Amino acid sequence: MMRSGPRMNISTISRQGLLVFLTAALLTGCGQNAGDKKATSTKDADSSDKPKESEHTSVAVLPVVPVKEMRLDRVFQLPGELLAYQNVPIHAKVEGFISYIGVDRGSVLKKGDRMIVISCPELDQKVKEAEAKVSAAQASYEQTVSNEASEESKKVEVNAKLESDQLTLSRLIEAAKTPGAIAENEVDIEKKTVEADLAKLQSIASEVKAAKALVLSEANNVRAAKNVVKSLQSMTAYLDIRAPFDGVITERNVHLGSIVAVDAQRRDEPLVRIQQKDILRLVVAVPEDCVAGLKDGQVLPFSVPAFLGKVFHGTVARLGYALDVKTRTMPVELSVINKDGALEPGMFATVDWTVSRPYKTLFVPSPAVTSDLKGTFVIAVADGVCRRVDVTRGQSMGDQVEIVGNIKSGDLVALKATDELKTGNKVETRMATDKDMQKAMKKSSAGGE
């Protein structure tokens, strides 16, 4: 017998299943419609934001500025060094020892003031020996002069006898013309006497000539001996060392009793060093691009760290007139009057160096010049059409920069050059205002941010 339980009608089950199926289908359809609408909405939004490829991108209004022709006049700050106008290390020229020293570091001297005395007994002895040789040479010279005078006297005597004998001979010859007046033998004897006188006169003349040559030789010996004395005496002058000019002792390396030696190469330390500091040399290494317009007599301001806020002045006095090939700079010296002694040799200085071109060049605001991989350029604008112009950048002068290229004064260029502005782009332009300029300069100084 089967157990009875609840019964389910088949038609009831079918109706319930159909209801569940329809409900699921309805929900699925609603979800798909909502998703399609959302996707369609998103697609429409994306397509509205993205510009059509056929549209031409252009700048609405482009600020422009004119190219100006000006003369470069800019001040650079260049480093320099102050040096003494004269800086002389004093070395010994004669060996000896210090017997007197009257200066020390910081001593202020006038030209000719005694600084050091060196004693050299050997040199004194040499001077005495040389003076003795002069005396001997002088005595020998005087003896030869005396001998020459004696020979000259003999020559006079022989010459007088010759003249007398020649006169006698002439008389005898005249008398011999009268037959029997004198013997022929007397005439011959007198002729022989005259011939002997002539021979003796020639001999005496040779002796006089030799005596004169000896006198000249001895005179040369005396002169040479005196030159030796003079040379030694000039060496003794180096024993007394005096200030060569008005200056200050900045270095002292010897003391009383110190032995000094002569070093031809001057490798040893000097005895003392004296510097002239009432006038200083300000040496500046001027770069190649800063030598334009440089001239003698130009007065330039400078400062030194020791006197913060104080301005000094120097006058361009000596130009190098040539560049150092290693540093590409030209050394220039300024003369600095330093009567009060405030400035010291060796100080570093910062010079306000003025550079002026002797002719005019083209300038544009610095943001108008930019560079990319192809080079440096500006964007010229004419009749609303852009044109890239390659240029060479020169010096800066304030917010203006010097350029050289296929462009002329009065041409308009974009205030802010960018590589987005291509040749052929059409733009609307307006003259840049001060506000535009300030904004462009600010972005340029901030690196274009």
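Just so you know, all these numbers are worked out from the coordinates, no wet-lab data involved. Here the structure is a predicted model, which means the values were calculated and not measured. All Cβ positions, even for glycine, are placed from backbone atoms using ideal geometry, and neighbour counts span all protein chains on display.
In terms of modelled amide H atoms, which long-range or inter-chain residues lie less than 5 Å from the amide H of Val401?
Answer set, sorted by chain and number: Val364, Ser366.
Which whole-angstrom value gives the distance between the alpha carbon centres of the range 134-211 and the range 117-131?
A separation of 53 Å, based on Cα centres.
Kindly provide the Kirkwood hydrodynamic radius of the chain in Å, to one decimal, from all pairs of distinct alpha carbon atoms. Present the calculation step by step, with values, prior to reporting the outcome.
Details: mean 1/r = 0.0281 Å⁻¹.
Averaging 1/r across every pair of different Cα atoms and inverting gives 35.6 Å.
Counting only C-alpha contacts under 8 Å and six or more residues apart, can you give the relative contact order of the chain as a whole percent? Don't skip to the end; give the middle numbers.
Details: 723 pairs, mean separation 114.6, N = 449.
Computed value for the chain: 26 percent relative contact order.
Which whole-Hz couplings ³J(HN,Hα) result when phi for each residue of the range 343-359 is put into the Karplus expression 6.51 cos²θ - 1.76 cosθ + 1.60, θ = phi - 60°, listed in order with x for Gly and Pro?
Residue by residue, the range 343-359 yields 8, 10, x, x, 5, 8, 10, 10, 9, 7, 8, 8, 10, 10, 7, x, 8 Hz.
What angle do you read, to the nearest 10 degrees and between 0 and 90, between the alpha-carbon axis of helix 121-175 and the longest principal axis of the chain?
Tilt of helix 121-175: around 40 degrees.
Which three extents, in whole angstrom, do the alpha-carbon atoms of the range 122-237 cover along their principal axes, largest first?
Cα spread of the range 122-237 along its principal axes, largest to smallest: 86, 13, 13 Å.
Could you work out the helix-only [θ] at 222 nm for the chain, with each DSSP H run of four or more residues adding -39,500 (n - 2.57) and the total divided by the number of residues, to the nearest 500 deg cm²/dmol?
-13500 deg cm²/dmol
Can you work out the Karplus-derived ³J(HN,Hα) for every residue in the range 181-191? Use 6.51 cos²θ - 1.76 cosθ + 1.60 with θ = phi - 60°, whole Hz, and x for glycine or proline.
Each residue's phi maps through the Karplus curve to give 6, 9, 7, 4, 5, 5, 5, 5, 4, 5, 4 Hz.
Taking amide H positions as placed in the peptide plane 1.01 Å from N, state which residues far from Phe245 in sequence (5 or more) or on other chains have amide H under 5 Å from it.
Distant-sequence amide H within range of Phe245: Gly112.
Percent antiparallel among DSSP beta bridges with both residues in the chain, to the nearest 5? Walk me through the numbers before you get to the answer.
Details: 81 of 84 bridges.
Here the share of antiparallel DSSP bridges comes out near 95 percent.
Rounded to whole Å, give me the distance from the Cα center of the range 314-334 to that of the range 363-430.
The range 314-334 and the range 363-430 have Cα centres spaced 35 Å from each other.
Just to confirm the number: angle between the C-alpha axis of helix 10-49 and the first principal axis of the chain, 0 to 90 degrees, nearest 10?
Compared with the principal axis, the helix lies near 30 degrees.
I need the peptides 288-296, 318-326 ranked by packing, meaning the mean over residues of other C-beta atoms within 10 angstrom, with the highest value on top. Don't jump to the answer; show the numbers that get you there.
On the way: 288-296: 13.4, 318-326: 11.2.
Result, highest mean first: 288-296, 318-326.
Just want the ordering: Ile90, Ile98, Ile118, from fewest to most Cβ atoms lying within 10 Å of their own Cβ.
Working: Ile90 22, Ile98 19, Ile118 25.
Placing the least packed residue first, the sequence is Ile98, Ile90, Ile118.
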